[in-house]
Structures are given as structure tokens and as C-alpha cells.
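Data block below; observations after.
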Protein chains: 2
Amino acid sequence: MANDDPCPVFFLSDSTGITAETLGNTLLSQFPTMEFDRTTIPFILNVEQAQAVVDLVDGLVAEGKKPIVFSTAVTSDIRHTLGTCQATLIDLLGTYLGQLETTLATPASNEPGRAHGLGNAARYQSRMTAVEYAMEHDDGQSLRALEKAQLILVAPSRCGKTPTTMYLALQHGIFAANFPLVDEDFEREGLPKPLQPFVDKCFGLTTNPLRLSQVRTQRREGSPYASLRQCGFELRSAERLYASHGIPFLNSASMSVEEMSATILQQMHLKR
Amino acid sequence: MANDDPCPVFFLSDSTGITAETLGNTLLSQFPTMEFDRTTIPFILNVEQAQAVVDLVDGLVAEGKKPIVFSTAVTSDIRHTLGTCQATLIDLLGTYLGQLETTLATPASNEPGRAHGLGNAARYQSRMTAVEYAMEHDDGQSLRALEKAQLILVAPSRCGKTPTTMYLALQHGIFAANFPLVDEDFEREGLPKPLQPFVDKCFGLTTNPLRLSQVRTQRREGSPYASLRQCGFELRSAERLYASHGIPFLNSASMSVEEMSATILQQMHLKR
């Protein structure tokens, strides 16, 4: 294999493949100089399908490549078949289940699809209701039932409110609204009126003026809205507003939605 | 410890904790009869913080409990400190990095926060743009730039279009629109006009009439919209429409958004 060929990587599962991808990508992110050619094969439901995957992987080995396989298959005959492949195999359940069975003094169920299935119906339903709530309360569209919010994300336009709200709703079932700060909010004293009863639920976002100007330029090039001057004004005003009301805030410029969400959950003491 | 006390579980990380939670919850889902008391502690940034966590966990051990710790800490002194705790410790990176270093003939970077940080800026940006696209194209709100969609989810109201679209956008950066089927679409022959040029991008959802009626009843109790008769009519009509245009579809009644998304990606050959 030429050293600069991307390394073939497989995420295999008898269910969605989400855990295999998450686990695998976390490990691969520790090798930032390497290139990987990723393939996810979910829903491997029987030994024949598993054998076809093994043949595919072993074909690459025969070509001199060094594939890496992350597997979260649970069903024992499928796991056994995948285990015969000649690649570097990282078998999540195989590695740890025995240890957990000992600690818990309970045998594992060995049924696939439990991690990202409907699982706890009440918890699943609350995530779906949270998505609906977040859609309805995006960008201050509705102020109805704001008292039901566990969190209100506050920020000038284009600081990352919407994707962060969606992530918190979808992944964690958090009832999150978001509310845009606009010029008139900065001209008045105090918090925007709809937020006043809920200051304890507010969390602010800010970013860097240059970055905000770039993001807004993609939307409305050359507009006053996208100007560095306007962006700087809004961000300074927003940060002053947060500080004067004791609203915690973070700078979204160099953070992913995942990092922002984890930070917000932690700082606001929200149960995941 | 009384056997029916929930088992304390910790997800520890020097970054967001997402991988620790995903890995841990997948493993714990193999013990469906057990109860767990879960705590996520992200952003453990130094040895002092790590030691405080160890003290917390060891305090539980001293009380006779058997905590389980899932850790994805990367930084070696933090990992080392966490490794001194007396609980059952599942250390993802410790387990597998050596094996990967050998296969890849490259040392791991040992820098935290790579998995769920901004990472590849272009890929991250495309996910955020996909969320924006999904918001704009939710429920047929906008038909602008429908040709940019990689996927158009089609279904009667309340079959799960919105959360599935959001999940595909946020997690996988898929440009997904969704389009509601209503009575007038069933009265006419053929596909709704806006969809006609894009039949290859369409994927249908259906559900069970009883389940749909229950979901709609939560929204508008006693309405014709929520009646079992109307729900049955819409679902039968939608399924007939899918079949007559060769639109693949699935039944969302017993599937999670994660399962639906994985199925759709696979069937539509969309790159994750």
C-alpha cells in the first residue's frame, strides 16, 4: 500500500451503526495527520450479510491495504462471523461486556438495536416533543408557553442559536427556545420584555465581530446588517446586556454545537 | 448495597463527554433489567478536577456501591488520575489507541476535544448550512431551491418528518426538505406538482392509523383531523402514492429517528 492512500475504515453494526461511528471517529480523531476512507454498514442482520462484509474487507487486505473495522454487533453469530475478518478489528461489545457482566452480576441481553431504538418510550417522546417546541420557538417566533422552556438561548442574529437549540432538543430532550437580540433591544434599558420573567433560564451567545460579519455576508452581502461596524456594535451591546443581568454566555466562534451544548448543560445544571 | 439501588454510572471526559455517553449507554442498554443513575462530567481539564471526580467515585465505593466509570479522557495525566479510581473503569482510549497506533504506524496525538470540536471546518459548516436548509424547508414552507435537496421526506402530517429531517441535517449534513401530503394531494392524480421533478429524491413515511390518531389527538383532540377514519384514509392514500411512483418508504410507528435516519441513508445511498 502506498503510504498516502487513505486507510479504509468500516463501521459495522446489526443496528444503526451510530455507536460504531461515534466510537470509531473519536479514536480516529487521535490521528489527525492520517486520511481515512470511511464506510458505514448498518443493519447487518444475518450471517450471510456478515460474511459478505468479511469478504469485502478481506478483499482489501488481499490488495495489501490495512483496513480498520469498528463493530458494535451484538448477536453472537454475526459477531463471530465478523470476528473472522483479517483486518484490525475493534469489537466494542466483545471487549467490555464480560467486564460489565461481572460488575453487574447479570448476563447481557445480547439483543441488537437497544441503544438507538425507541428504548424508553417516555424519554423518546419527550425528545420529539422538545424538537417540536424548539421549532415553534425558534428565533422568537412564538412567545407562547415560554414558561415551559428549560432554557432560552439569547443572541444577535447568526451567532448559532438555532443549531444549538435543535441539538439540545433532539439529543437531550431539552425544552429550549431561542430569542434574537436586535437593535431596539439595545436602545432600551433592561432585558427585552418577554424575557424578563425568565432571566434565570437565559443563556447568551456571542462571537467575534469579524466572524459574524463573514457569516452575515454569506446571507446578505454588502448590507449594513453584515458590516463589521454593525456586528461589533451588536456583540458589544449583547455582552453588556448579559453581564448586567448576570446571564451566563459563551463565545461560539471556535466551538461546535456539541461543545456549546455540553457547556450549556453543565453551566445551567440541566439534566441530560 | 441493596440490589435494587440504581447502579451509579459516570461518563467522564476532558471534552464534551458525547463519546463516553454513547459508548456507555450502548453497553448499558445490554442490561435492560438494571437501573442506572447516570452522571456526565465533561470538560475535566486538569489533574485537580480529575482527582475531585476520583474522590467522588471512591466515596461511593466506600459506601458499598459499585460504580461504573466510562472515560474518554485523552490527556495522559488526567487519564492516569482517573485510572486510580476504585470503580469498574472502561477507558476507551486506553483500550484501543495502542492497537490503532500499531496498525497505522503513527503515534496518537493525545489532544482532547478532537472528536466533537469544529474539526474539519468545511464539514462542520456544511452541517450548519444543512440545519438552516432544513429549517427553511420544513413542512413544505419553502419550495425555493428544492433542487438543492439531497432528500425530500414526504408524508401526511405527524408521521415524524420534522425530527428525522433535523437529525439528518444536524448529524450528517444532509440537505433534507420535507413535504406534507394533504387531502388535495390524494384527490389529484400523480405526485404533488412541486415534487414531480424530484421523484428520485423522495422518501416516504407512513405509520399505523391508531398511532397517528393518538399523536394527532394530542394536538387537536376530537377533530376530524385526528379521527381514526381520516388517519386511515391518509395513510392508505400515501402508501398508494409511494407505491405508484416507486418511492421507497418506511413505517415510523416502531422506529426511532436514529433508526429511520440510518435506514434512509442506506436506502437512498446518501453519504454520511
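If each residue's Cβ is checked for other Cβ atoms within 10 Å, how do A:L97, B:L228 rank with the fewest at the top?
B:L228, A:L97
Mind checking which of B:S71, B:S254, B:S157 has the largest fluctuation in a GNM of chain B, springs on alpha carbons under 10 Å?
Its mean-square fluctuation being the largest, the pick is B:S254.
For the range A:156-202, run through the GluC sites (Glu not before Pro) and keep only the ones in DSSP coil with at most 15 other Cβ atoms within 10 Å of their Cβ.
Answer by residue number: A:E189.
Sort A:K271, B:K66 by Cβ crowding within 10 Å, fewest neighbours at the top.
A:K271, B:K66
Dipole of the protein assembly as shown (Lys/Arg Cβ +1, Asp/Glu Cβ -1, origin at the Cα centre): which of A:A50, B:P32, B:P194 lies farthest to the positive side?
B:P194
State to the nearest 20 debye the size of the charge dipole of the protein assembly as shown about its Cα centre, where the only charges are +1 on K and R beta carbons and -1 on D and E beta carbons.
Taking the Cα centre of the protein assembly as shown as origin, the dipole is about 1220 debye.
Relative contact order, percent, of chain B when contacts are C-alpha pairs under 8 Å separated by at least 6 residues?
Over chain B, the number comes to 14 percent.
With each label point set 7 Å from Cα along the Cα-Cβ vector, what nm distance links A:A122 and A:E48?
Placing both labels 7 Å beyond Cα along the Cβ direction yields 4.3 nm.
Given the -39500 (n - 2.57) contribution per DSSP H run of 4+ residues, what per-residue ellipticity at 222 nm results for chain A, rounded to the nearest 500 deg cm²/dmol?
Taking each H run of at least 4 residues, the total per residue is -13500 deg cm²/dmol.
Taking the convex hull of the alpha carbon atoms in the protein assembly as shown, what volume per residue do you get, in Å³?
176 Å³
Taking 0.36 nm per residue of sequence separation and subtracting the Cα-Cα distance, how much length would be gained by fully extending the chain between A:D37 and A:L210, in nm to one decimal?
My answer for the length gained is 58.8 nm.
How high is the FRET efficiency from B:R240 to A:S76, r the C-beta distance, R0 45 Å, rounded to 0.05?
0.65
Compare the Cα positions of A:T103, A:L153, A:Y124 along the charge dipole of chain A (+1 at Cβ of Lys, Arg; -1 at Cβ of Asp, Glu; about the Cα centre) and return the one farthest towards the positive end.
The residue sitting farthest along the positive end of the dipole is A:L153.
For the range B:163-179, take each phi angle, set θ = phi - 60°, evaluate the Karplus expression 6.51 cos²θ - 1.76 cosθ + 1.60, and give the result in whole Hz per residue in order, putting x for glycine and proline.
Those phi angles translate into x, 5, 4, 4, 4, 5, 5, 6, 7, 10, x, 7, 7, 10, 9, 9, 9 Hz.
Quick one: grab the alpha carbon gyration tensor of chain A, order the square roots of its eigenvalues as a ≥ b ≥ c, and give me rounded if a/c is under 1.5, else prolate or oblate depending on whether a/b is larger than b/c.
prolate
Which percent of Cα pairs goes in each bin when the distances of the range A:152-272 are cut into 5 angstrom slices starting at zero?
With 5 Å bins starting at 0, P(r) equals 2, 12, 23, 24, 19, 13, 6, 1, 0.
How many Cβ atoms of partner chains, on average, are near each residue of B:249-260 if near means within 10 Å of its Cβ?
4
What are the extents of the Cα atoms of the range B:7-104 along their three principal axes, listed from largest to smallest and rounded to whole Å?
In descending order, the Cα extents are 40, 32, 21 Å.
What does the charge add up to near B:T88, with Lys and Arg as +1, Asp and Glu as -1, over the other residues with Cβ less than 13 Å from its Cβ?
So the environment of B:T88 carries a net charge of -1.
Going by C-beta contacts inside 10 Å, put B:V9, A:V57 in order with the fewest on the left.
B:V9, A:V57
Hey, which residue of A has the C-beta nearest the axis mapping A onto B, and what's the distance in Å?
Per the A/B rotation axis, the closest residue of A reads A:T22, 2.
So for the pair A:E136, B:R229, with labels modelled 7 Å out along Cα→Cβ, what separation do we get in nm?
2.8 nm
For chain A, compute the number of Lys pairs whose alpha carbons are separated by less than 20 Å, excluding pairs fewer than 8 positions apart on the same chain.
9
Throughout, read-outs are computed from the coordinates displayed, never taken from laboratory work. Remember, it's a predicted structure, so these values are computed and weren't measured experimentally. All Cβ positions, glycine included, derive from the backbone under ideal geometry; neighbour counts span all protein chains shown.
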